[in-house]
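Pasting a structure below so you can have a look.
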Amino acid sequence: MKNRIKIASYISSLFILLGCQNKEPKQSVDMCIANTNVIDLETGQIKLQDVYINNGRISTLINTDDNTDYIAKSTIDATGKYLLPGFWDNHIHLRGGDSLISNNKNFLNLFIANGITTVRDAGGDLTPSVLEWKHQIAEEKLVGPTIFTSGSKIDGPNATWAGSLEVEKEADINTALDSLEKLRVDFVKLYDSRISGEHYLKTIEQAETRGLITSGHMPFTVTLNETIDAGLDAVEHLYYIMKGCASNEVEITEKLKSKEIGFWQAMPALMDNYADSTAQKTFQKLKDQQVFVVPTLHIGKTLSYLDEIDHSDDTYLKFMGDGLIQTYQGRINRALNASEKVRRDRKKLDAFFGQLAKALNDAGVGLLAGSDSGAYNSYTYPGISLHEELKEMVENGISPLDALRTSAPNGAKFLKKSTDYGSISKGKIAELVILDANPLENIENTQKIYAVLKGGTLFTEKQLNDLLNASEIQ
Ligand SMILES: [Zn+2]
């Protein structure tokens, strides 16, 4: 009898317990990344947290020891691992003509295998394919990073790059911008091979009036101040920043206008006249106008040393394919045929650019990590070269935290996508990378990838390796 009472009271208390739970049922979500070191790239702080994810977005982050109202369908034990936003490569190219479409499509795997969940395609001649991939990736029908693209570049008549929109007379600006808007590109990319300085500045102004985001090279026949005043939102590469930091910029600009000297002849003259007072004014202006700068240090180094470094054993060559490797030859020939002085100048310039990137960062100018990988850009491989870019920044004195900020957080800021991307916080899209070791301690740890989460799919280390192996071109 006593036992029966005991059992009855046990059962009733069990019902009470269950009753409590029924009043506040746990919310079921898709996934939990448990017990992980979450890196807050804004503050640099690391917290031990559980990250709950549902429908591809972050539901909540809680300290590992705290109680939670969430229950996950699957849990990834990330003890001892480091979690940060998936990497952004903020300057790549998908290009090279129809015969290289499949090689370019293959790049998409290389980005994911390297933890790169977003790329900014800075213009090429494969726009229909790029837009198709962009949509298929967004619908999770194709493995690859989120693609933000400029579509065709805007340049002048007989532009260097295939597929460019050519502005020869003022009316062409409107036509070019109309066609880009129709394609709903994510930004407008300007190039400097043939466009006149006047048309260049007017294109920026008109794009800005339409509310479009602009990035570009800069014809040396205009000054950096004129370009910033026109409204350019990001400067690709450091040549143009260097020009704006030289005390003789106006004089050199006049010589270029009268064709007394050319682009490469102007380089040493500008570098030798770098003036700290001019530079600080330029940095302040870039910062005030919130203009981003894309240093592309890794490709700069790679191209500056083509005459010395043998790339024939590079691991990534096997992912490129013969057709793509052939596009490398142009830059290789130019490097090998250059005079001793030009080669020396190029290396001097490369070292100078490293210091310039550091100075820009010290001054608070927003940098964007971009590899410039793609066809024609010799030995600058999609995926791995973004890690090389981050490493190059740190080798030039930028802290690992600041270097990491130039990838996802600044990439999202530049494209005005910070509501969805750029940090690990509630409501944001869960495109994440889990590392085996702390990248704030050693930037090379960005390459120690444990898992990648992209578009609701978790890629384990093994799956990432399989993806890489499957990308080898036979
Ligand atoms: Zn580029």
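The values are calculated or read from the model by the stated rules, or taken from the named source; none is laboratory data. Just so we're clear, the structure is a prediction, and the values are computed from it rather than from any experiment. Note: ideal-geometry Cβ built from the backbone for every residue, glycine included; neighbour counts use all protein chains shown. Remember, those area values only see protein heavy atoms, side chains included, never the ligands or the DNA or RNA. Shrake-Rupley method; radii C 1.70, N 1.55, O 1.52, S 1.80 Å.
Can you pull out the residues in segment 70-113 that are surrounded by fewer than 24 Cβ atoms within 10 Å (Cβ to Cβ) and of a type in the set (Val, Ile, Thr)?
ILE71, THR75, ILE76, THR79, ILE101
Just to be sure before I move on: is TYR191 in contact (Cβ under 8 Å) with a residue 12 or more places away in the chain, farther than 23 Å from ASP362 by Cβ and within 16 Å of the ligand (Cβ to nearest atom) in the structure I sent?
yes
Follow-up question, since we're still on this one. Hey, among the residues in segment 207-219 that are β-branched (Val, Ile, Thr) and more than 16 Å from the ligand (Cβ to nearest atom), which one's nearest to ASP272 (Cα to Cα)?
Selected residue: ILE213.
Here's something else I'd like to know. Given the residues SER399, SER407, which is the only one that is away from the ligand (no atom under 16 Å from the Cβ), within 23 Å of GLN284 (Cα to Cα), over 16 Å from the mean Cα position of the chain (by Cα) and among the hydroxyl-bearing types (Ser, Thr, Tyr)?
Testing whether each residue is away from the ligand (no atom under 16 Å from the Cβ), within 23 Å of GLN284 (Cα to Cα), over 16 Å from the mean Cα position of the chain (by Cα) and among the hydroxyl-bearing types (Ser, Thr, Tyr) leaves just SER399.
Which residue is nearest to the ligand (Cβ to nearest atom), if the candidates are limited to segment 75-103 and must be under 20 Å from the mean Cα position of the chain (by Cα) and of a type in the set (D, E, K, R)?
ARG95
Residue-by-condition table, conditions (1) under 24 Å from THR221 (Cβ atoms); (2) at pLDDT below 95:
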residue: TRP264; (1), (2): yes, yes
residue: ALA269; (1), (2): yes, yes
residue: PRO295; (1), (2): yes, no
residue: TYR305; (1), (2): no, no
residue: ASP310; (1), (2): no, no
residue: ILE325; (1), (2): no, no
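Tell me, which residue of segment 218-232 that is under 19 Å from LYS259 (Cα atoms) and among the hydroxyl-bearing types (Ser, Thr, Tyr) is nearest to the chain's Cα centre (by Cα)?
Within segment 218-232, the match that is nearest to the chain's Cα centre (by Cα) is THR223.
Tell me the residue from ASP98, ASP69 that is under 26 Å from SER215 (Cα atoms) and out of contact with any Phe, Trp or Tyr (no Cβ under 6 Å at 6 or more places or on another chain), please.
Answer to the check: ASP98.
Right, another one. Which ones in segment 220-255 are open to solvent by less than 20 Å² (accessible area, probe 1.4 Å) and within 16 Å of the ligand (Cβ to nearest atom)?
LEU232, ALA234, VAL235, GLU236, HIS237, LEU238, TYR240, ILE241
Among (1) within 14 Å of the ligand (Cβ to nearest atom); (2) touching a Phe, Trp or Tyr at 6+ places or on another chain (Cβ under 6 Å), which single condition is ILE116 missing?
Only one criterion in (1) within 14 Å of the ligand (Cβ to nearest atom); (2) touching a Phe, Trp or Tyr at 6+ places or on another chain (Cβ under 6 Å) is unmet by ILE116, namely (1).
Continuing with this model, one more query. Among the candidates ASN377, ASN273, ASN333, which residue alone is closer than 29 Å to SER247 by Cα and not basic (Lys, Arg)?
ASN273
Might you let me know whether segment 287-310 holds any residue that is over 30 Å from SER102 (Cα atoms) and assigned to a helix (DSSP H, G or I)?
Taking every residue of segment 287-310 in turn, at least one turns out to be over 30 Å from SER102 (Cα atoms) and assigned to a helix (DSSP H, G or I).
Oh, and also: Here are VAL167, VAL235: which of them is within 23 Å of the chain's Cα centre (by Cα) and aliphatic (A, V, I, L, M)?
VAL235
Is it true that some residue in segment 318-341 is surrounded by 17 or more Cβ atoms within 10 Å (Cβ to Cβ) and closer than 22 Å to PHE414 by Cβ?
No, the conditions are met nowhere in segment 318-341.
Inside segment 114-170, can you point out the residues that are open to solvent by 20 Å² or more (accessible area, probe 1.4 Å) and on the phi > 0 side of the Ramachandran plot?
GLU140, ASN158, GLY163
Matching residues to (1) in contact with a helix residue (DSSP H, G or I) (Cβ under 6 Å, 6 or more places away or on another chain); (2) open to solvent by 20 Å² or more (accessible area, probe 1.4 Å); (3) in a strand (DSSP E or B):
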residue: VAL29; (1), (2), (3): no, no, yes
residue: THR36; (1), (2), (3): no, no, yes
residue: LEU41; (1), (2), (3): yes, no, no
residue: VAL51; (1), (2), (3): no, no, yes
residue: ILE62; (1), (2), (3): no, yes, yes
residue: THR68; (1), (2), (3): no, yes, no
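Residue under question is VAL365, and the condition is that it be within 19 Å of the chain's Cα centre (by Cα) and over 24 Å from ASN469 (Cα atoms); does it hold?
yes
Can you list residue pairs whose Cβ atoms sit under 7 Å apart, with the first residue in segment 24-49 being touching a residue at least 60 places away in the same chain (Cβ under 8 Å) and the second being open to solvent by 70 Å² or more (accessible area, probe 1.4 Å) and of a type in the set (A, V, I, L, M, F, W, C)? Count only pairs 6 or more apart in sequence or on different chains.
Qualifying pairs under 7 Å: ASN37/LEU48.
Contact list please: Cβ distance under 8 Å, first residue in segment 106-126 and without any contact (Cβ under 8 Å) to a residue 12 or more places away in the chain, second residue open to solvent by less than 10 Å² (accessible area, probe 1.4 Å), pairs at least six apart or on different chains.
none
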